Amino acid sequence: MTPREPLFAGLIYNEEGQPAQVAQVGPDICYAIPDGDFLRHVDAIDVDQQVLRHLKERFLPMKDVLVEGVMQMMGADDPFTRAALEKGIENMDQMLEPGAVNAEDFRLALWMSGFRVIVNIHGEVVRVEIPGLDWPSE
């Protein structure tokens, strides 16, 4: 069985702006977070879950605006597309399930938008950066 590919590989940075690498430690896939001359290994699934929680917390209150904007960009105006988009935001945490999303395409789209996740050396999300939105951690 192949280990799960981290959803946010290449998008995780430490507080100094250094990128975290992906590493395998035994059966576990980790983000290796630079800490001076050391690399702190944190389970990737834990970091990915935190990021999705942060995104969901921010997106749910403005779900209607987001859905409307995406529908306009798509040129769609039907209730099925609206329902699918709303369900996608509500069930964002299910993106970690195998086959739920093409991780490579997802990461590419996020990278192209300037998306970055800043974590501390313990792998706790400090900030999620999306150009145009400023979301400090609570």
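Filtered by the rule that a residue be on the phi < 0 side of the Ramachandran plot and loosely packed, with under 15 Cβ neighbours inside 10 Å, the range 24-45 gives Q24, V25, P27, D28, D37, F38. The residue list D48, D93 contains one member that is in contact with a Phe, Trp or Tyr (Cβ under 8 Å, 6 or more places away or on another chain) and either assigned to a helix (DSSP H, G or I) or not acidic (D, E) (or both), which is D48. For A83, the conditions (1) over 12 Å from the mean Cα position of the chain (by Cα); (2) outside any helix (DSSP H, G or I) all hold with the exception of (2).
For the range 1-43, a residue qualifies if it is touching a residue at least 40 places away in the same chain (Cβ under 8 Å) and closer than 17 Å to A100 by Cβ, and the qualifying residues are R4, E5, P6, L7, F8, A9. Looking across the range 108-117, just one residue is buried (at least 16 other Cβ atoms within 10 Å of the Cβ) and either within 12 Å of D48 (Cα to Cα) or more than 11 Å from the chain's Cα centre (by Cα) (or both), and that is V117. Just one residue in the set D37, D48, D28, D43 is closer than 13 Å to D93 by Cβ, out of contact with any Ser or Thr (no Cβ under 9 Å at 6 or more places or on another chain) and charged (D, E, K, R); that residue is D48.
A Cβ distance below 9 Å, combined with a sequence gap of six or more or placement on separate chains, defines the contacts here; from the range 79-93, residues that are farther than 20 Å from R58 by Cβ reach residues that are loosely packed, with under 11 Cβ neighbours inside 10 Å in the pairs T81/M74.
Any read-out appearing in this document is the output of simple, stated calculations on the displayed coordinates, not a laboratory observation. As the structure is a computational prediction, the values presented were derived from the model and not from experiment. Positions of Cβ are generated from backbone atoms using ideal geometry, with glycine treated the same way; all protein chains shown enter the neighbour counts.
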